[in-house]
Amino acid sequence: MIVGWGALSPFSSRPVYRGVAEASVYIAQEVRGKGIGTALLSRLIEESERNGYWTLLGKIFPENAASLALVKRYGFREVGVLRRIGQQDGVWRDVVLLECRLAG
């Protein structure tokens with residue numbers, strides 16, 4: 001059973017943004033709060049620094065307080081809100097946009 005996953009996705013194909021990636025972490029609802037998200041995000045950050053990334057981006061629904069708290073513990077900061085950027089089950093959704101500057 002897969003309980004979670006993490007991924008780094010390129011921000012852009014343009015060379016100027018080669019060190020920028022979107023970090024995504026998803027955890028199955030039944031195992032949230034057990035440290036899996038922390039472990040995955042920590043590993044994503046380590047691997048991104050090792051592979052020459054200098055900035056990670058994140059997009060989180062504003063009501064997802066647990067995810068917002070998690071990424072902020074790792075140095076992500078809010079840079080804005082994308083209003084009505086997506087639809088989920090026919091409902092328009094806002095997304096908080098976050099960034100984390102890495103050591104690289």
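D for the chain, whole µm²/s, Stokes-Einstein with Kirkwood Rh over alpha-carbon pairs at 20 °C and 1.002 mPa s: what number?
148 µm²/s
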Quiz prompt | the chain, dipole about Cα centre (Lys/Arg Cβ +1, Asp/Glu Cβ -1), debye to the nearest 20 | solution = 180 debye
Quiz item: Rolling a 1.4 angstrom probe over the protein heavy atoms, how many square angstrom per residue are accessible across segment 1-69?
Solution: 65 Å²
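Taking 0.36 nm per residue of sequence separation and subtracting the Cα-Cα distance, how much length would be gained by fully extending the chain between Ala66 and Arg32, in nm to one decimal?
Result for the pair: 11.3 nm of gain on full extension.
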Practice problem: Apply the Karplus parameterisation 6.51 cos²θ - 1.76 cosθ + 1.60, with θ equal to phi minus 60°, to every residue of segment 59-75 and state each ³J(HN,Hα) to the nearest whole Hz, in sequence, with x for glycine and proline. | Solution: 10, 9, 4, x, 7, 8, 4, 5, 5, 4, 5, 4, 5, 5, 4, 9, x
Quiz item: When the accessible area of the chain is computed with all protein chains present and a 1.4 Å probe, what percentage of it is carbon and sulfur?
Solution: 52 percent
Practice problem: Would you grab the residues whose amide H sits under 5 Å from the one on Phe61? Only those 5+ places off in sequence or on another chain, please, with H modelled 1.01 Å from N. | Solution: Val96
Self-check item: Over the chain: helical MRE at 222 nm, DSSP H runs n ≥ 4 each giving -39500 (n - 2.57), nearest 500
Solution: -7000 deg cm²/dmol
Quiz item: Given H placed on each backbone N at 1.01 Å, which residues far from Phe11 in sequence or on other chains put an amide H within less than 5 Å of it?
Solution: Val20, Ala21, Glu22
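The values are calculated or read from the model by the stated rules, or taken from the named source; none is laboratory data. Nothing here was measured: the structure is a model prediction, and the numbers come from that model. Cβ coordinates were reconstructed from backbone atoms using ideal geometry, including for glycine residues, and neighbour counts include every protein chain displayed. The area values use the complete protein model at the heavy-atom level, side chains included, leaving out ligands, DNA and RNA. Shrake-Rupley method; radii C 1.70, N 1.55, O 1.52, S 1.80 Å.
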